[in-house]
Amino acid sequence: IYKYIIKQGNGNIPQNKEIISINYQGSLLNGALINHFTSLEFSFGSQWQVINGIERAIRTMHEGERALIIVPSDYAWGAQGSSDGSIAPFTTIIFDLELVSIKK
């Protein structure tokens, strides 16, 4: 997983079971969007909330940080691709990811 920081965060790094809020947009390497900016709030570290690559990236982010994340297929949808067929097998995804807030 590769990370390029766009905006440095100055808050805490999230811990398991905290409620976090993120904004993200995903695209393929050719620039095609897989989703427009989306907001999501979830219990961090809970299974099946986000793909493995996003969770791993968030573990390194400070509250308020925004970064471009390049997620190899092994940490995205892997050899199976997405269940709805919108992401082909072995697809690397780029996310514009912002850790908006952390609630205890």
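So the values come out like this:
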{"quantity": "Size of electric dipole in the range 21-104: Cβ of Lys, Arg +1 and of Asp, Glu -1, about Cα centre, debye, nearest 20", "calculated": "160"}
{"quantity": "From phi via Karplus (6.51, -1.76, 1.60), per-residue ³J(HN,Hα) for the range 23-35 in Hz, x at Gly/Pro", "calculated": "10, 7, 9, x, 8, 7, 4, 7, x, 5, 6, 9, 6"}
{"quantity": "Surrounding net charge for Arg56, when Lys and Arg each add one and Asp and Glu each subtract one, Cβ distance under 15 Å", "calculated": "-1"}
{"quantity": "Per residue value of the accessible surface for the chain (all protein chains in place, 1.4 Å probe), Å²", "calculated": "58"}
{"quantity": "Restricting the range 1-88 to chymotrypsin sites (Phe, Trp or Tyr not before Pro) in coil, as DSSP defines it, with at most 15 other Cβ within 10 Å", "calculated": "Trp48"}
{"quantity": "√(5λ) per eigenvalue of the Cα gyration tensor, the range 25-75, largest first, Å", "calculated": "19, 13, 12"}
{"quantity": "With every protein chain in place, the chain: carbon and sulfur % of accessible area (1.4 Å)", "calculated": "50"}
{"quantity": "Gap separating the Cα centres of the range 52-96 and the range 1-42, nearest whole Å", "calculated": "9"}
{"quantity": "Karplus-derived 3J(HN,Hα), 6.51/-1.76/1.60, for each residue of the range 39-55, Hz, glycine and proline x", "calculated": "9, 8, 10, 7, 7, 5, x, 7, 5, 6, 7, 9, 5, 3, x, 5, 4"}
{"quantity": "Rg/Rh ratio calculated on Cα atoms of the chain (Kirkwood radius)", "calculated": "0.96"}
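The values are calculated or read from the model by the stated rules, or taken from the named source; none is laboratory data. For clarity, every value in this text was computed on a predicted model and none was experimentally measured. Backbone-built Cβ (ideal geometry, glycine too); neighbour counts: all protein chains shown. The accessibility values were calculated without ligands, DNA or RNA, using every heavy atom of the protein model including side chains. Shrake-Rupley method; radii C 1.70, N 1.55, O 1.52, S 1.80 Å.
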